[in-house]
Amino acid sequence: MISLQQVSKSYQRQFDALAPLSLEIAAGELLVLLGSSGSGKSTLLKLINRLLEPDSGQILLQGKPLQAHDPVALRRSIGYVFQGIGLLPHLNIIDNVTTVPRLRGDDPAQALQQARALLHSVNLDPDQYADRLPQALSGGQQQRVGVARALATGASLLLMDEPFGALDAITRDELQSMLLDLHRRLHKTIVFVTHDIFEAVRLADRIVVMHAGRIEQIGTASELINQPASEFVELLFSKPLQALKHLQQT
Ligand code: ADP
Ligand code: MG
């Protein structure tokens, strides 16, 4: 689906936000980028939807270099969900969800019907919420709308940048379940960014551990835990596991 080949990016000349790295993302997988703040996760996502251009290397989407895709069509064909979501505050929920379909010139009645179905699928009753402004929704509900809006583009690829980062633990847990359920039903390719190990383990088919602009290891949660490729990865997982064991003993 996506192939990054020796891709690098620096913002200032002397600083590598991303060292040359390579990564294959398979169609339909839920890939989690796990790393601490500043490790390059958001930079990597922005390179995939061409909010940023790499300094070197290339990125292929469905076998074709990103530059060969029409930039507007490309961005509209990729769902992008981020923390604080950026719903348009003066538009009601249904208009927020149908923004891209309307821009694209889809049939309005069809776009509306699809948006209502998507609100259902993120567990928001359209009869209750369609006409509300974003400010009349809780943070968790706004993130649900953000996911519905990303799905309304018809995108087969969703990029999610710490989308549940600002939510309380219970709401976060609900949204993680919702995302897993959507992924099982819709078979989208999802690249999900988090700094939370437990979120990564819960959601991921595969985890990419990032550190200081580099990939430390790629693997399933159990591969990372049982066969860490570096001391960094070993510590990353062993510390929270030890803390949990300690809790159990008290
Ligand atoms: P993450 O999402 O993992 O927290 P980012 O990809 O946002 O990391 O950032 C990677 C590195 O690049 C950080 O050191 C950050 O300070 C730097 N960086 C990110 N955006 C910019 C920018 N617009 N200008 C300069 N440096 C940036
Ligand atoms: Mg980030």
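The values are calculated or read from the model by the stated rules, or taken from the named source; none is laboratory data. A quick note: this is a predicted structure, and the numbers were derived from the prediction, not measured. So basically every Cβ, Gly included, is an ideal-geometry build from the backbone, and we count neighbours across all protein chains shown. Only protein heavy atoms, including side chains, enter the accessible area calculation; ligands, DNA and RNA are left aside. Shrake-Rupley method; radii C 1.70, N 1.55, O 1.52, S 1.80 Å.
Some notes on this structure:
- Each label point was placed 7 Å from the Cα along the Cα-to-Cβ direction; for L103 and Q135 their separation is 2.4 nm.
- Scattering curve values for the stretch 77-225, log₁₀ I(q)/I(0), Debye with Cα scatterers, q = 0.10, 0.15, 0.21 Å⁻¹: -0.36, -0.76, -1.35
- Percent RCO, i.e. relative contact order, over the stretch 89-154, from Cα pairs under 8 Å lying at least 6 residues apart: 50 percent
- Residue-by-residue Karplus 3J(HN,Hα) for the stretch 57-70, coefficients 6.51, -1.76, 1.60, Hz, glycine and proline x: x, 9, 10, 9, 10, 6, x, 10, x, 4, 5, 7, 8, 5
- For the chain, carbon and sulfur atoms together expose 51% of the accessible surface, with a 1.4 angstrom probe and every protein chain in place.
- Label-point gap, in nm, between Q62 and N92 - each point 7 angstrom along Cα→Cβ: 3.4 nm
- Entry for the stretch 1-130 at q = 0.17, 0.23 Å⁻¹: log10 I(q)/I(0) = -1.03, -1.35, Debye formula applied to identical alpha-carbon scatterers, no solvent contribution.
- When the charge dipole of the stretch 89-154 is built from unit charges on Cβ atoms (+1 for Lys and Arg, -1 for Asp and Glu) and taken about the Cα centre, the candidate among V122, Q135, A150 whose Cα reaches farthest toward its positive end is A150.
- Peptides 102-115, 148-161 ordered by packing proxy, namely the average of other Cβ atoms within 10 Å per residue, highest first: 148-161, 102-115.
- Estimated D of the chain in µm² per second, where Rh is the Kirkwood radius over Cα pairs and Stokes-Einstein applies at 37 °C, 0.692 mPa s: 172 µm²/s
- If you sort M210, M1 by accessible surface, 1.4 Å probe, largest first, the order is M1, M210.
- The residues of the chain present an accessible area of 49 Å² per residue when probed at 1.4 Å with all protein chains retained.
- Computed accessible area, S222, all protein chains, 1.4 angstrom probe, square angstrom: 70 Å²
- Of I215, I48, I225, the residue with the largest accessible area leads and the full order is I225, I215, I48 (1.4 Å probe).
- Straight Cα distances below 23 angstrom link K239 to the lysines K41, with same-chain residues fewer than 8 positions distant left out.
- Charge sum, other residues only, whose C-beta stays under 12 Å from S42's C-beta, Lys/Arg counted +1 and Asp/Glu -1: +1
- For the stretch 180-250: rounded, prolate or oblate by the Cα gyration tensor [a/c cutoff 1.5]: oblate
- Working from Cα pairs under 8 Å separated by at least six residues, relative contact order for the chain is 26 percent.
- Around G146: net Lys/Arg minus Asp/Glu count, Cβ-Cβ under 13 Å: 0
- Taking only the Cα atoms of the stretch 89-154, the radius of gyration and Dmax are 10.6, 30 Å.
- Protection proxy ranking for 87-99, 172-184, 189-201, using the average of other Cβ atoms within 10 Å per residue and placing the highest first: 189-201, 87-99, 172-184.
- Simple point charges give the picture: +1 on the Cβ of Lys and Arg, -1 on the Cβ of Asp and Glu, and for the stretch 97-250 a dipole about the Cα centre of about 240 debye.
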